[in-house]
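So the structure is just underneath, and the comments pick up after that.
The values are calculated or read from the model by the stated rules, or taken from the named source; none is laboratory data. Since we're looking at a predicted model, the values are computed, not measured. Neighbour counts run over all protein chains shown; Cβ positions are idealised from the backbone, glycine included.
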2 protein chains.
Amino acid sequence: MTASAPLDFSSLLAPDLPPPAAKWNGFAKYNFIGGHNDADQLPLEPLIKAANDVLTREGCTLATYGLASGPLGYRPLREFLAGKLERTAGIRCDPDEILITSGSLQALDLVNGILLARGDTVVIERATYQGALTRLQRLGVQAVGIPPAGNGMRMDALAAALDDLKRRGVRPKYIYTVPTVQNPTGTILSDARRQAMLRLAAQYGVPIFEDDCYSDLIWDGKRPPALYAMSRHGGVIHIGSFSKSVAPALRVGYIVAPWPLLARMLPLKTDAGSGALEQMVLGEFCPRHFDTHVPVLTRALPAKLETLMEALNEQFGTAAEFDDPKGGIFLWIKLPDQVDTQKLFAPALAAGVAINPGAEWSTDKDHGRSRARLCFANPSHEAIRAGVATLAEVCRREFGVPARIANVERARA
Amino acid sequence: MTASAPLDFSSLLAPDLPPPAAKWNGFAKYNFIGGHNDADQLPLEPLIKAANDVLTREGCTLATYGLASGPLGYRPLREFLAGKLERTAGIRCDPDEILITSGSLQALDLVNGILLARGDTVVIERATYQGALTRLQRLGVQAVGIPPAGNGMRMDALAAALDDLKRRGVRPKYIYTVPTVQNPTGTILSDARRQAMLRLAAQYGVPIFEDDCYSDLIWDGKRPPALYAMSRHGGVIHIGSFSKSVAPALRVGYIVAPWPLLARMLPLKTDAGSGALEQMVLGEFCPRHFDTHVPVLTRALPAKLETLMEALNEQFGTAAEFDDPKGGIFLWIKLPDQVDTQKLFAPALAAGVAINPGAEWSTDKDHGRSRARLCFANPSHEAIRAGVATLAEVCRREFGVPARIANVERARA
């Protein structure tokens, strides 16, 4: 009789589950991972006022799933987005061509859900968002990586990859790109390359999946037109987020696509709506404050980036190579070839420094091997300096680089 | 050259997608579907105060994913839940054995995610939550339905089903049950049957998946101990929600399970956290107001149920059969055999009345054929009366029943 023996779930688990999560022990002291933002710049007062105002006026709609707006999401927020996207990204769309999602991660899941099946192929930037790569792995989809040069994806390499796939009878399901403040490289795809990408996409009959979730965070405020706006043959699905421009913990993203595509996504969005309170607060806050809040961020963030680059120069000297991004919240650095950032991760964390190892952010593990992504928005200037100094120490101990007095080394070079 | 022809997505869609969604045209005038609640009972003032207080005190944590609480969700809310579940359901658990989810629907997805693979079998109440059934269909999992009698699932039928499956070499992945205010029948499983179900589950080595999302809404406030609390061999996963007790549009649910199981679910929860603002507001509201708010609901809801049952008696007479539920927000009615509620749906909706056809809420389509679920929490008393009168008219026109003067018919019977 087994009635009193504890039930063992291990023989009941689905096959191919990811490894179990470790218990969370708080954020690292020097936290250079995750898309966290600068707590000092959070527009707290206007958010509180927005919560007050919108709940007082229409809080009773919380009694119905989807408020009074239906499954596409809170209508005033979609109306704000339609206006903002036209103003800043050149996208002309109706509020009913916008689906509010629980963060842009649900947007990724829904786009993948309607397009991808096991065995499919997609084309993607060689270094790209880890969450996009892990999703493709879980779905059994092959990701063909395209290398960048200068300001974004190389169009000759894209053409060659599409041509090669076509010869092999493979029609990729989409070209996934973060064209504006690319994650993790921070590049902004030039207008000429945008045109070239659209031409290639049309020529090969491949949609473009445009992830524009960092595009509000450009230092000079000059956001290029979205691929969605530039396309003359449709074929672009656009996603974005408020996580980077307002607050990460508010899980509000969106998809812009023609209604027939949204109509295929909605039945996969089986969550009875995204969080209403967050949508209502943003719908109230954004029309009044979004345009004045974003410049606050784009003044504070480059100062932190400057601190990070200075600290890297000081502590790593020529051992850390990077380009100076024009926006965003992260820096993509190259360490000397002998450094394996996946092996650096654990001792760095033990010393209080969390970094994103490059191999996890790349279709080409060798390319990513000695690279890392450092997010600079959340730690204070002091934490950035102390964290980089600690990282340099750990790296030196584990891999022998940087040399002890990096800035002197650099001056000699 | 195809560059100017619009890209046709139809050849790119994944196979086996659900049919596209129709455009949303607002709620039906007489809305008896969806788990909407009574807008008049929404605790708006304390929710607004909670939003104010919690944002003023710790709003700056919105700058980090997961606030300062990690991936299990806002810790003060988990602490409230640990206390509440012990007090009301006898569950003793640590806040780290609670995972906050984006509504109980994400909880369903996560539990299914770690346990189910295509071809699996689960055991489930014959009439049950539609969202559970559609998820199993999408996953390619067979649902074996167990009929109820009196207060919940029949234990002889459960024993026979488990025995039959075992003979055929099938070990079901779980027994899914809504034991407390069953959806849609409204029954409350007796203590004796709870004990019997736990014995059978242990005997056959099958976990119980306990969906307790209506359990706060019992008229007399006497919630029986949860199966999770009663089990002595573990093997129960418990989920719940604030959608029914506070507000549906706040998408906050939870899973109670031992940490080793939550550790398998967390890597599947790839949403970078559930909505923080909703968790924070509930975490602030609940310790102060949950226990006084729920009785407000459990006084208002039975009055609406009473109106619904009166209206059904008046308009349908003996043509509508139902038991008087002891809690919840819905009534499960049986119409005469000639009524097919799936065929009643469209003309009823055209007349302004939305109902849930029973076949969509049952593993046995024949059993559900002449049944329907009517939700009574959201419409006003006037709308309930007018909606039922309209429904009776449409039903009479389409199926010849109820007879014109139902209450007179009934008096004669």
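Some points to look at:
- Enumeration of residues in segment B:1-59 that are outside the structural domain of B:Ala300 (by TED's automatic domain parsing), farther than 30 Å from B:Glu284 by Cβ and among the hydroxyl-bearing types (Ser, Thr, Tyr): B:Thr2, B:Ser4, B:Ser10, B:Ser11
- Among the residues of segment A:346-359, those identified as part of a helix (DSSP H, G or I) and surrounded by fewer than 19 Cβ atoms within 10 Å (Cβ to Cβ) are A:Ala346, A:Pro347, A:Leu349, A:Ala350.
- Residue count for segment B:280-309 satisfying the condition of being over 20 Å from B:Arg223 (Cα atoms) and free of Cβ contacts under 8 Å to residues at least 60 places away in the same chain: 2.
- Looking at segment B:91-184, the helices (runs of 4 or more DSSP H) lying wholly inside it that each contain 3 or more residues that are more than 28 Å from B:Arg264 (Cα to Cα) sit at B:155-167.
- Candidate set from segment B:315-335 (those that are of a type in the set (Phe, Trp, Tyr) and touching a strand residue (DSSP E or B) at 6+ places or on another chain (Cβ under 7 Å)); member that is farthest from B:Tyr129 (Cα to Cα): B:Phe322
- Top-ranked residue in segment B:225-259 [being without any contact (Cβ under 8 Å) to a residue 60 or more places away in the chain and more than 7 Å from chain A (Cβ to nearest Cβ); ranked as farthest from A:Glu58 (Cα to Cα)]: B:Ser231
- Annotation for segment A:337-344: no member residue is within 18 Å of A:Gly35 (Cα to Cα), outside the structural domain of A:Ser243 (by TED's automatic domain parsing), modelled with pLDDT of 95 or more and of a type in the set (A, V, I, L, M, F, W, C).
- Subset of segment B:61-96 (residues that are buried (at least 21 other Cβ atoms within 10 Å of the Cβ) and either within 13 Å of chain A (Cβ to nearest Cβ) or at pLDDT below 95 (or both)): B:Leu62, B:Ala63, B:Thr64, B:Tyr65, B:Gly66, B:Leu67, B:Ser69, B:Leu72, B:Gly73, B:Tyr74, B:Arg78
- Comparison of A:Ala51, A:Ala5 shows that the only residue that is modelled with pLDDT of 95 or more, of a type in the set (Gly, Ala, Ser) and not in a strand (DSSP E or B) is A:Ala51.
- Single unsatisfied condition, A:Thr307 versus (1) buried (at least 23 other Cβ atoms within 10 Å of the Cβ); (2) touching a His at 6+ places or on another chain (Cβ under 8 Å); (3) more than 24 Å from A:Ala132 (Cβ to Cβ): (1)
- Some residue of segment A:29-47 being within 29 Å of B:Gly113 (Cβ to Cβ), in contact with a helix residue (DSSP H, G or I) (Cβ under 8 Å, 6 or more places away or on another chain) and of a type in the set (A, V, I, L, M): no
- Scanning segment A:111-124 for any residue that is at pLDDT below 95, within 23 Å of the chain's Cα centre (by Cα) and at negative phi turns up nothing.
So that you can scan it fast, the table gives a plain yes or no per residue for (1) in contact with a Gly (Cβ under 6 Å, 6 or more places away or on another chain); (2) hydrophobic (A, V, I, L, M, F, W, C); (3) under 30 Å from B:Ala263 (Cβ atoms):
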site	(1), (2), (3)
B:Ser10	no, no, no
B:Gly26	no, no, no
B:Leu42	no, yes, no
B:Leu47	no, yes, no
B:Thr56	no, no, no
B:Leu62	no, yes, yes
B:Pro71	no, no, yes
B:Gly83	no, no, yes
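- Residue in segment B:349-369 that is in contact with a strand residue (DSSP E or B) (Cβ under 9 Å, 6 or more places away or on another chain), without any contact (Cβ under 8 Å) to a residue 24 or more places away in the chain and in the same structural domain as B:Asn31 (by TED's automatic domain parsing) present: yes
- Complete set of residues in segment B:113-145 that are closer than 23 Å to B:Ile255 by Cβ and more than 14 Å from chain A (Cβ to nearest Cβ): B:Ile124, B:Glu125, B:Thr128, B:Ala143
- Segment B:360-387, subset surrounded by fewer than 17 Cβ atoms within 10 Å (Cβ to Cβ) and more than 21 Å from B:Ala132 (Cα to Cα), residue farthest from the chain's Cα centre (by Cα): B:Glu382
- Being in contact with a helix residue (DSSP H, G or I) (Cβ under 7 Å, 6 or more places away or on another chain) and either of a type in the set (D, E, K, R) or free of Cβ contacts under 8 Å to residues at least 40 places away in the same chain (or both) holds for only one residue in A:Glu314, A:Glu321, A:Glu393, and it is A:Glu314.
- Among the criteria (1) surrounded by fewer than 23 Cβ atoms within 10 Å (Cβ to Cβ); (2) in a helix (DSSP H, G or I), the one A:Asp324 does not fulfil is (2).
Rundown of residues vs (1) crowded, with 24+ Cβ neighbours inside 10 Å; (2) within 30 Å of B:Pro15 (Cβ to Cβ), yes/no style:
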residue	(1), (2)
A:Thr177	yes, yes
A:Ala196	no, no
A:Tyr204	no, yes
A:Tyr214	yes, no
A:Val236	yes, yes
A:Val246	yes, no
